[in-house]
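The values are calculated or read from the model by the stated rules, or taken from the named source; none is laboratory data. This structure is a prediction, so every number in the text was calculated from the model and none was measured. Using ideal geometry, Cβ is built from the backbone for each residue, glycine included, and neighbour counts are taken over all protein chains shown. The protein model used for the area step is the full one, side chains on, heavy atoms only, and it has no ligands, DNA or RNA in it. Shrake-Rupley method; radii C 1.70, N 1.55, O 1.52, S 1.80 Å.
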Amino acid sequence: MLSGIVIGIGFHILGLQLLGVLKLFQPKYIYTFCAVTFFFAIVQRKAIFTDLKNLVTTYRQSQSTIHWLLKLILLLTSVELILRPLQLPLSFDEVMYHLPHVKHWLSDGQVGVNQWLRYPYFPYNFNLLYALGLAADNEVLPHLIHAAAGWLVLFGLFVLGRAWAKKEVGIIAAFIFAIVNFNQFGTATIDLGITLFIFYAVAIYLFWWKSGDNKLLLIAIFCFGIAAGTKYQALIFAPLLLLCTLLKERRPKWLFLCLLIACVPSIFWYLRNYLLTGNPVAPMLPQVFGVADWNAADMTIQFADIQLHKDWPNFLFAPAILSMYFWYRNRGLQWAAGAIVFSLYGFFTWIVSSHYSRYFMPVEPIVALLSAFSIVECYQALMNRGRFEKWAVNGVKTLGVLLCCLLSFALIKSVPESLKKMHTNAEEKKIFLRKQVRSYDVGLFLQQHPEFRIVQFDFTSDIYYLPMSTIGDIFGPGRVSDFIDLSTDSLVCKLNSVGANSLLFAGKQREIAKNRGYPIQSVSDQLLARPEFTDFFDLIYSTPEADLYTLKKTMSGVCNKY
């Protein structure tokens, strides 16, 4: 049932991708397509509800105190996972480029490239789903779609924990994944999306390895293909997938089908990039394919940022190390062997490639299963030693009660905060966004005055709430460094060359913004400090946090020689 839902999401993505290619990426076509897919979902509703009912019944049957504590812990954790998606988008990455790209596609009627947004050539399979919300001016629905991917991972952990080991394994694994990644449930990025498809690809692949049914192999490959069309990171798992498949299946027919099915959901993005830039994975691997829209300085800044965020996976994944010992004692656990191989491969490639815990997410559900499996096995080992049985039971109960208390206290604090961030009334939403988005009023002004096209220097965290024509970023053709190293008259010419005529800087409260962690550029200070700056630009709109300057009409002839 769950795999059927995930495959259905994959086909839905393919349909939206096709609409984008055919230049039919418009609300009326999107919702017509959604109506058709919803009809097929309704046809299958009986099977889906039956399987869900069976899953709930299975987990309700156990009446032991420890099982009830585990279920209560998971229930308390779930409260925050339900509330977080209902908030308006404010997370850095979602407002910087994930949602703006979708907004641009809807405006353009096709899945094209906006070179002024960050990462214009990345694959965006999962982002296509966000069009369902943005087409109706609903920014909360993309949050719910992204959170739904996380919920499907949690349900998958329930099912696999029960199928491969015990019910407790599924509950604990779901808790570990949820508590480590609860912040992701309130965003509209793609991390839960790629995690969903990689997780189901691995799970279905392990079932294929045991059964030999090549239909399962093709389904697993399809899930991998969707993931590869969602984020370049998925390609890291391709060598492992290829090697393991060749160990068991080497017939040309099936290998060709695997290649074809992997390419169908992902080839569009890579082929588009190759045709436009000569680099199928632009802007990555410039030393192999050549530079696309990034230069060497951009690459240096990107990898320096990754180095800055280097960290380790959450300590809750540490028990997974013991799974190798428990598998060694019971070699019949084929699922554990496959899960260990995948986890080790994912861990070591992660160390080499990024060492940034958010990029470890696609591996985390399987590692969570191994951690939960190890915890349950340790508990069972203590139970098998009669003299420790009472201590083990009482210890687990005490820990469960403490966790319930801690989670309850956390909810008492977090629930009111989450409710404050939910707004359905248009006026309340505007008041809230005015407090949270520093350039919100400027954005409203610019929507009423489309004749002003801006280059922003201090508002990469606000891009979604600014006009789609906004230019300005750290990377790519809109990099601010290309503007600040110019004389003021050359700056005017540069603005003309990119079709802009205005500049947006942080306002008088820039120091407050810096202290709050916003990416305020010192370059705006340098430009404003130039004595001739006011000879070329007028301040036409100002708030405490944003100043909008536009080129004086008398300066329009400065660039006739440009």
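Computed quantities for the displayed model
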{"item": "Residues whose placed amide H lies under 5 Å from that of Arg479, excluding near-sequence neighbours", "result": "Asp473"}
{"item": "Accessible carbon and sulfur surface of the chain relative to its total accessible area, %, 1.4 Å", "result": "64 percent"}
{"item": "Whole-Hz couplings from phi, Karplus 6.51/-1.76/1.60, listed for the range 93-99; x for Gly and Pro", "result": "5, 5, 7, 7, 8, 4, 6"}
{"item": "Backbone N within the range 101-138 under 17 Å of label point (7 Å from Leu271 Cα along the Cβ vector)", "result": "111-113, 123-125"}
{"item": "Efficiency of FRET between Thr65 and Ala41 - r from beta-carbon atoms, R0 41 angstrom, step 0.05", "result": "0.60"}
{"item": "FRET efficiency, 1/(1 + (r/R0)^6) with R0 51 Å, evaluated for Ala238 and Lys430 via beta carbons", "result": "0.65"}
{"item": "Proximal lysines to Lys553, defined as alpha-carbon separation beneath 26 angstrom and excluding residues fewer than eight positions away on the same chain", "result": "Lys494, Lys508, Lys561"}
{"item": "Centre separation in Å (Cα based) which lies between the range 283-333 and the range 70-106", "result": "23 Å"}
{"item": "Residue (of Val480, Ile172, Phe185) at the positive-pole extreme of the chain, dipole from beta-carbon charges", "result": "Ile172"}
{"item": "Unit charges at the beta carbon, dipole of the chain: most positive-side option, Leu406, Trp335, Ser524", "result": "Trp335"}
{"item": "Cα-centred dipole magnitude for the chain, charges only on beta-carbon of K, R (+1) and D, E (-1), debye, nearest 20", "result": "2160 debye"}
{"item": "Three-way shape label, the range 446-504, alpha-carbon gyration tensor, a/c 1.5", "result": "oblate"}
{"item": "Between the range 440-478 and the range 136-171, the Cα center-to-center distance that results, in Å", "result": "36 Å"}
{"item": "Whole-Hz couplings from phi, Karplus 6.51/-1.76/1.60, listed for the range 80-85; x for Gly and Pro", "result": "5, 5, 7, 6, 4, x"}
{"item": "Hull shadow area, averaged, the range 218-302 [alpha-carbon convex hull, nm²]", "result": "6.2 nm²"}
{"item": "Distance in nm between pseudo-label sites at Lys28 and Ala529 (7 Å out along the Cβ direction from Cα)", "result": "5.6 nm"}
{"item": "Contact order normalised by residue count of the range 295-420, Cα under 8 Å, 6+ apart, percent", "result": "28 percent"}
{"item": "Cα-based shape type of the range 119-240, given that a ≥ b ≥ c are square roots of the gyration tensor eigenvalues and the cut on a/c is 1.5", "result": "oblate"}
{"item": "Stretch gain in nm, segment Leu72-Lys397, where the contour uses 0.36 nm per residue and the Cα spacing is subtracted", "result": "115.8 nm"}
{"item": "Rounded, prolate or oblate (a/c below 1.5 giving rounded, otherwise prolate when a/b exceeds b/c) for the range 325-461 by Cα gyration tensor", "result": "oblate"}
{"item": "Under Karplus coefficients 6.51, -1.76 and 1.60, residue-wise ³J(HN,Hα) of the range 315-322 in Hz, glycine/proline x", "result": "4, 5, 8, 4, x, 4, 4, 5"}
{"item": "In nm, spacing of pseudo-spin labels at Cys404 and Lys553 (7 Å Cα→C-beta vector)", "result": "7.3 nm"}
{"item": "Label corresponding to percent of Cα pairs over 32 Å apart when calculated from the structure given, among [x] 54; [y] 51; [z] 45", "result": "[y]"}
{"item": "Given charges at beta-carbon only (K, R positive; D, E negative), |dipole| of the range 115-211 in Debye", "result": "440 debye"}
{"item": "Accessible area expressed per residue, the range 257-370, with surrounding protein chains retained (probe 1.4 Å, Å²)", "result": "51 Å²"}
{"item": "Pairs from Lys231/Lys435; Lys103/Lys552; Lys210/Lys231; Lys103/Lys430; Lys435/Lys552 whose Cα-Cα separation, in the structure shown, is over 25 Å", "result": "Lys231/Lys435; Lys103/Lys552; Lys210/Lys231; Lys435/Lys552"}
{"item": "Length gained when the stretch His309-Ala136 is fully extended (0.36 nm per residue, less Cα-Cα span)", "result": "58.7 nm"}
{"item": "Reach of Lys28 by Cα under 19 Å, taken over aspartates and glutamates that are not fewer than 8 positions away in the same chain", "result": "Asp108, Asp137, Glu139"}
